[in-house]
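J.: Here it is, the structure, as structure tokens.
Here, each number is a calculation from the coordinates, and none is a lab measurement. In this text, all values refer to a predicted model and were calculated from it rather than measured experimentally. Positions of Cβ are backbone-derived with ideal geometry, glycine not excepted, and every protein chain shown enters the neighbour counts.
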Amino acid sequence: MPVQAGRAGAVEQQGRSAVRWAATHAVVRVGIRVRARAGNPDAQVLADPAVRADPYPHYERLRTPAPLTDGALARVSVHHDVCTDVLRSEDFGQIGGARADRLPPVLRLALRLAGPRPGVSPVDPPSMVAVDPPDHTRYRRLVSRAFSARAVAALRARTREVADELLDGLERQAAANGGRVDLAAGYADLLPVTVVSEVLGVPVEMREQFLEWGDRAAPVLDLGLDWATHRDVEATLVELDAWWRGHLRRLRRDPGADLLSRLVTEVDDDGAGLTEPELRATAALVLGAGFETTVNLIGNGAALLFAHPDQRRLLAADPSLWPNAVDEVLRVDPPVQRTGRRARRDTTVHGVPVAEGEWLVLLLAAANRDPRVFPDPHVFDVTRRNAREHLAFASGIHFCLGAALARMEGEVALQALFERFPDLAPAGPGQRRGTVILRGHRSLPVVLRPASRHTRPVPGREPAGTGPA
């Protein structure tokens, strides 16, 4: 009887999942394809992985003098000043749980009958990125201490240790494989997940499992998923949620000195802590965001430096340029390509009326190449004076909580990599991830040509340019 009940429950959950997919992603997929066939550049990026491999020329087709232009699903902006102003405006909030608000009444009814997505999700409340003040303020205040400039500076030496350990491993792999290794799987993936796991008190030996969960759950940020991907995303969220429930119970019994142990018991100024769902949502978001963005930053940075050997020579000659180089990577090929905001009231954006409830899509990757802000915007220049003005981490109250950590990890990881292997070269084309919002590499095959041992940094003595950014 319990087995039959379990099967019946699984069938019911799959049915509810199918309704959620049909009412949201399936409808959106049709709309995107219609708009793509009509020639809309934004829709073509969303619809075609081949276009998405290099979306930047298509973003430029959206760069008109108007502050907003028609995108695939909503009006979009590619302008740096417009995106910045919307991100900082109190007239706009997160889309979060309002994703279904613009659906026809019959589809909204279907979603209500299907019920909420199983397991906590980074795009649904109570996730920090899906809510506005006062909830957002409370969540961020409790978590932000772990990502302060002082906390990140204290992690720099440990991050370099992790980088050197992983590079030792790459060297061993290369020796056994004719010099060829996958830089994504063997380095870019592992460094950020190792560091953030230690920060959060998550077992580092589970890092491969977290990378798998992260890869499978990442499409939750996108709209217009196919049925198989949607079903796998929801199954992954259930698995993750179950693990978090058990892990938080373990931390209550045996807390450590990590962030999650503090969050389990810590209370805010008003005496209130995080509820159980809020804890799980916050833990999942901080872990995922703590490595997803940086994984892509390291891979994108390596690929850009492969393509621009002149910039590698500049960095080798002047290592103090590495912090700026990381910001230039974030500007030219950001890990997060776009974000959205919903108008909380009738308002205007640079003189253009926007109705309450309307969504705007902000193409961060295009804003980062705004020629009014960045001269020669398509040129990768590690000496660019205003590289740090990019919007890769968004802006306003939802500015990326882990920005300082991502910058530091990107700097340490890329500098350590190219110091150890100054002649590192690609071994064929890399494979991009299939996601829309997150842009990075699934694989990045390279050939290692180790430098002479005497050129490697002396342990415990960091070269110039490795101080806190």
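J.: Grab the Cα-Cα distance for Glu60 and Leu109, subtract it from 0.36 nm times how many residues apart they are, and report the gain in nm with one decimal. Please report the intermediate quantities before stating the final value.
T.: Numbers: separation 49, 0.36 × 49 = 17.64 nm, distance 3.86 nm.
So the chain would gain 13.8 nm between Glu60 and Leu109.
J.: Counting each DSSP H run of 4 or more residues in the chain as -39500 (n - 2.57), what helix-only mean residue ellipticity at 222 nm follows after dividing by all residues, to the nearest 500 deg cm²/dmol? Please report the intermediate quantities before stating the final value.
T.: Details: 18 runs with 233 residues, N = 469.
After summing the helix terms and dividing by the residues of the chain, the value is -15500 deg cm²/dmol.
J.: Just from the alpha-carbon atoms, what are the Rg and Dmax of the range 92-206 in angstroms?
T.: Values for the range 92-206 (Cα only, Rg and Dmax): 21.0, 61 Å.
J.: Here's a follow-up. Mind sorting Val447, Val129, Val34 by how few other Cβ atoms lie within 10 Å of their own Cβ, fewest first? Working shown, then result.
T.: Working: Val447 16, Val129 22, Val34 13.
The most exposed by this proxy come first: Val34, Val447, Val129.
J.: Run the paramagnetic zone check for Ser89: 7 angstrom along Cα to Cβ, then residues of the range 321-352 with backbone nitrogen under 16 Å.
T.: Output list for this probe position: 339-352.
J.: Set the Förster distance to 30 Å, then compute FRET efficiency between Ala38 and Glu389 from the Cβ-Cβ distance, nearest 0.05. All intermediate terms of the calculation are to be shown ahead of the outcome.
T.: Details: r = 34 Å, r/R0 = 1.14.
In this case the efficiency is close to 0.30.
J.: Compute the convex hull volume of the Cα atoms of the range 2-455, divide it by the residue count, and report the result per residue in Å³ as a whole number.
T.: On the way: hull volume 74.8 nm³, N = 454.
Enclosed volume per residue, from the Cα hull, is 165 Å³.
J.: Using amide H atoms built 1.01 Å from N in the peptide plane, name the residues 5+ places from Val352, or on other chains, whose amide H lies under 5 Å from its own.
T.: The answer is none.
J.: Amide H to amide H, which residues 5 or more places from Arg442 or on other chains are under 5 Å from it, using H placed in the peptide plane?
T.: Correct list: Gln431, Arg432, Arg433.
J.: Provide the gained length on full extension for the span Arg252 to Val447, in nm with one decimal, where the gain is 0.36 nm per separating residue minus the Cα-Cα distance.
T.: Values: separation 195, 0.36 × 195 = 70.20 nm, distance 4.61 nm.
Full extension from Arg252 to Val447 adds 65.6 nm.
J.: Please go through the range 163-268 and write out the GluC sites (Glu not before Pro) that DSSP classes as loop and that have at most 13 other C-beta atoms within 10 Å. List each step's numbers first, then the result.
T.: Details: sites: Glu165, Glu171, Glu198, Glu205, Glu208, Glu212, Glu234, Glu239, Glu266; in loops: Glu266.
Loop-located and lightly packed - Glu266.
J.: Next up: When only alpha-carbon atoms count, how far does the range 223-343 stretch along each of its three principal axes, as whole angstroms with the largest first?
T.: That gives 53, 41, 34 Å along the principal axes, largest extent first.
J.: Beyond 19 Å, what share of the Cα-Cα pairs of the range 181-240 remains, rounded to the nearest whole percent? List each step's numbers first, then the result.
T.: Values: 706 of 1770 pairs.
Summing the P(r) tail past 19 Å for the range 181-240 gives 40 percent.
J.: While we're looking at this one, here's another question. Based on alpha-carbon positions alone, could you give the equivalent ellipsoid semi-axes of the range 305-363 from the gyration tensor, as √(5λ), descending, whole Å?
T.: Working: eigenvalues 328, 22, 15 Å².
In descending order, the three semi-axes are 41, 11, 9 Å.
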